[in-house]
Amino acid sequence: MARKQTIDGNTAAAHVAYAFSDVGAIYPITPSSPMAESCDEWAANGRKNIFGQTMKISELQSEAGASGAVHGSLAAGAFTSTFTASQGLLLMIPNMYKISGELLPCVFHVTARALAAHALSIFGDHADVMAARQTGFAMLCSASVQEVMDLAAVAHLSTLKAKVPFLHFFDGFRTSHEVSKIELLEYEDLAEMVDWDAVKEFRQRALNPEHPRQHGTAQNPDIYFQNREAANKFYLATPAIVQATMDEFAKKFGRQYHLFDYVGAKDAKEVIVTMGSSCDVTEETINYLNAQGAKLGLVKVRLFRPFDMKALMNAIPESAEIITVLDRTKEPGSLGEPLYEDVATAVLESGRNVKVICGRYGLGSKEFTPSMVKAIYDNMSGAKKSHFTVGITDDVTNTSLDVTENVNAAPAGAFSVKFYGLGSDGTVGANKNTIKIIGDHTDKYAQGYFAYDSKKSGGLTVSHLRFGDTPIQSAYLIDQPDMVACHNPSYIIRYDMLEGIKEGGTFLLNSPWSDEEMENQLPAEVKNIIAQKKLKFYNIDAIKIAGEIGLGNRTNMVMQAAFFKISKVIPDSDAVEYMKAAIKKSYGKKGDAIVNMNNQAVDAGMAVKEVSYPESWATTTSGAAWAEVPEDPYFKDFVHPIIVQQGDKLPVSAFDPAGIVPTGTTKFEKRGIAVKVPVWVPDNCIMCNQCSYVCPHACIRPMLAT
């Protein structure tokens, strides 16, 4: 039976890249860095790849240097990989032309990410990989953590036979940082699939003074064109090689992939064509809608380059009357984005009588949800608006589709929970442990995704965890949670955390307040939701517990234990056992004292208490006031909605087209996240100024007296 493990997309890609690589030439860039870090760690610990060696890791001075090192290493006969994204990939493009031009087999693993245009975005879309589509690299796209591992193997196995280099990409953050329970590919099994004659042939092609030859000459107009066309046969052969590799993979591991995979009704009239994490969201949605009588279809694009027109048209059912192509990038000034132009060309050249329209979605990790998928299918059966956007409100050029219906396509029995944490309080780490505990110790499937504030330490983190009895395809944030946990009491007057919580759901709060004090500490609107939706309401003073134990502000273990106690996802005794085992693994090297403190935190967290609240909360209008908003118009109308997690609702008209913003707005932002505030005691003061120097909140300020 295949070994299952709960890991993220980056680790899945790194696991396979390590297996097939002699050398890793690396340079860190978000969100691809963990792939290189994992390979470096495994090499340091002596892990052997399929060649019986440890991977040689070399960190260069830039991404351009990394890709240059890949080129040189390949020319010397060493199988070499690299990992990158965004501007980093753009810096590799000159070397990518050389690598493909010399038919050097390798794989670049890319966590597809937005490019800095009007502003920097560290988040995910397909702008970077689309900028590399002319380099001559084959381009293979994965849609989930399981696919990242599987198609990474397909890429490495295919490049050996095809001699064409591969760019294997998946969505930055949405797939790279999603934690999911998947089947692991064992190195012995992968080694059995390798074309060892191709390995030998590649090694023999290496530049060597014993049999010298020259690569990379300069050519004049009389011969450059002909030589450029000489590689055509390798690109023409690549799609068939990839499909054959996918077929061999299916025989060995039981998961079948195709260059283009169709799912949905056999007689669908409306079909979406897309690639990346949107595939799983769309599939989950059409499973839900088709079960209600709809007849909808989806084509998942796996091999984007070389683009196989025949394979695409074979995947689209004969019944299709209209196709919507979704691109996760923007190419200003073009007739349409890249995937649309390819699909439209394929349909035209095939002679099929099918209408093709297109839309953009998900730029900069913008959410893509089942509700949006439903709006896209509705558009196909209604207005047939083309060149649309979805997920935003475009009140300037009116491209956006209206999303009018809230669709919950998650399979029955799935349990979802949102955790609001403070950057550096350990919440994200604890939630990753929770996912691994449930994924690795039960038959349940588990998924974790972590939405970070760009401020990181001290900023807001929202963890989205799902558990269920079937594989989880919900590659979007939770908007209808079964449970919400608030790990910082200051958030209660700042964020609308209970928005969308299910009837009869659960709310866990970390606060120092008694049941009676809740009356004055919770805003009226929060009390209304708790009572109207008949929530089970729990409170624990994790800050006090962690402080007394000696853990400082690290409340994560207390809150993790409280979650297990309340949620009943697994029995209490099992939860305590697994948490303490995870503590031993994580903190064992730091000594028994640290382990024992965390164990005490687990025991204390299991003592969480339910809050009894009166029915009058359902209609009360009294309670704590929401955090004050400064009167500055720009801050009030633009910055503040972003701070309180409502930035998605800002329309296009709210933005300057060139991305210009006024200066000096930071002075209005008071995060108010401290649970303790320093007080100056004049009687104790010796005027040393050290208090103002160390005060993290700038509460204490020295004055020079005359």
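The values are calculated or read from the model by the stated rules, or taken from the named source; none is laboratory data. The structure displayed is predicted, hence computed values, not measured ones. So basically every Cβ, Gly included, is an ideal-geometry build from the backbone, and we count neighbours across all protein chains shown. These area figures cover heavy atoms from the full protein model, side chains too; ligands, DNA and RNA do not enter into them. Shrake-Rupley method; radii C 1.70, N 1.55, O 1.52, S 1.80 Å.
Express in % the proportion of alpha carbon pairs of the stretch 121-234 at distances exceeding 16 Å. Present the calculation step by step, with values, prior to reporting the outcome.
Values: 4700 of 6441 pairs.
Tail of the P(r) past 16 Å holds 73 percent of the pairs.
Accessible surface calculations at 1.4 Å, restricted to protein heavy atoms, place the chain at 45 Å² per residue.
Listed by chain and number, the aspartates and glutamates whose alpha-carbon sits under 12 Å from that of Lys384, ignoring those within fewer than 8 places in the same chain, are Glu270, Glu321. Restricting the GluC sites (Glu not before Pro) of the stretch 133-242 to loop positions (DSSP other than H, G, I, E, B) with no more than 15 neighbouring Cβ atoms within 10 Å leaves Glu186, Glu210.
For the stretch 254-353, the percent of C-alpha pairs falling in each 10 Å distance bin, counted from 0 to the bin holding the largest distance, reads 15, 49, 31, 5, 0. Measure nothing fancy, just the Cα-based angle from helix 572-587's long axis to the longest principal axis of the chain, in degrees from 0 to 90, nearest 10. Computed tilt is about 70 degrees. For the stretch 413-563, the pair-distance distribution built from all alpha carbon pairs, in bins 10 Å wide starting at 0, is 11, 41, 36, 11, 0 percent. Reported to the nearest whole Å, the Cα centre-to-centre distance from the stretch 553-615 to the stretch 113-182 is 37.
Going down the table (Lys418/Lys536; Lys4/Lys252; Lys444/Lys536; Lys565/Lys590; Lys374/Lys533), which pairs top 19 Å between alpha carbons? Before the final figure, lay out the partial values.
Details: Lys418/Lys536 15 Å; Lys4/Lys252 16 Å; Lys444/Lys536 24 Å; Lys565/Lys590 27 Å; Lys374/Lys533 27 Å.
Check vs 19 Å cut-off fails for Lys444/Lys536; Lys565/Lys590; Lys374/Lys533.
Once all protein chains are placed together, Leu348 keeps about 140 Å² accessible to a 1.4 angstrom probe.
Axis angle, to the nearest 10 degrees, between helix 427-441 and the longest C-alpha principal axis of the chain: 60 degrees.
Across the stretch 19-113, the fraction of Cα-Cα pairs farther apart than 15 Å, rounded to a whole number, is 56%. Once you sort the root eigenvalues of the Cα gyration tensor of the stretch 379-481 as a ≥ b ≥ c, which label holds: rounded (a/c under 1.5), prolate (a/b larger than b/c) or oblate (the other case)? Oblate, because a/c is 1.5 or more while a/b does not exceed b/c. How much of the accessible area of the stretch 117-243, in percent, comes from carbon and sulfur atoms when a 1.4 Å probe is used? Solvent-exposed carbon and sulfur of the stretch 117-243 make up 55 percent of the total.
log10 I(q)/I(0), Debye, Cα-only the stretch 344-431, no solvent, q = 0.22 Å⁻¹? Taken in order of the listed q values, log10 I(q)/I(0) reads -1.10.
Expressed as a whole percent, the accessible area of the stretch 539-634 that falls on carbon and sulfur atoms is 53 (1.4 Å probe). Full extension of the chain between Ala383 and Val644 yields a length gain of 90.5 nm, computed as 0.36 nm times the residue separation minus the alpha carbon distance. How much FRET efficiency would the formula 1/(1 + (r/R0)^6) give for Glu610 and Glu201, where r is the Cβ-Cβ distance and R0 is 60 Å, rounded to 0.05? Once the sixth-power term is evaluated, E becomes 0.30.
Of the listed pairs Lys385/Lys432; Lys48/Lys589; Lys251/Lys584, which have alpha-carbon separations greater than 30 Å here?
Flagged as over cut-off: Lys385/Lys432; Lys251/Lys584.
For the chain, the antiparallel share of DSSP beta bridges with both residues in that region comes to about 40%. For Ser73, what is the net charge nearby, where nearby means another residue's Cβ is under 10 Å from its Cβ and Lys, Arg count +1, Asp, Glu -1? Net of charged neighbours comes to 0. Excluding same-chain neighbours fewer than eight residues apart, the lysines reachable from Lys636 by a Cα-Cα span under 18 Å are Lys649, Lys667, Lys670. Seen against the Cα atoms of the chain and their longest principal axis, helix 338-350 is set at about 40 degrees.
Once you order the gyration tensor axes a ≥ b ≥ c over the Cα atoms, which shape class does the stretch 556-706 get: rounded for a/c under 1.5, otherwise prolate or oblate by comparing a/b with b/c? Present the calculation step by step, with values, prior to reporting the outcome.
Numbers: a/c = 1.89, a/b = 1.30, b/c = 1.45.
Because a/c hits 1.5 or more and a/b fails to exceed b/c, the stretch 556-706 counts as oblate.
Positive contributions from Lys and Arg (+1) and negative ones from Asp and Glu (-1), summed over other residues with Cβ under 11 Å from the Cβ of Leu498, come out at +1.
How large, in percent, is the carbon and sulfur part of the accessible surface of the stretch 359-486 at a probe radius of 1.4 Å?
Details: 2290 of 4680 Å².
Carbon and sulfur: 49 percent of the exposed surface of the stretch 359-486.
Can you tell me what share of the DSSP beta bridges in the stretch 476-615 is antiparallel? A percent to the nearest 5 is fine. The antiparallel fraction comes to roughly 20 percent.
Just to make sure I understand: if all protein chains stay in place, what is the order of Arg302, Arg701, Arg352 by accessible area at 1.4 Å, largest first? Please list the in-between numbers first.
Values: Arg302 10, Arg701 165, Arg352 50 Å².
Listed by decreasing accessible area, they come as Arg701, Arg352, Arg302.
For the stretch 494-594, applying the loop criterion from DSSP together with a ceiling of 15 other beta carbons within 10 Å to the trypsin sites (Lys or Arg not before Pro) yields Lys502, Lys533, Lys534, Lys568. The base-10 log of I(q)/I(0) for the chain, evaluated at q = 0.12 Å⁻¹, reads -1.43 [Debye formula, identical scatterers on Cα atoms, solvent excluded].
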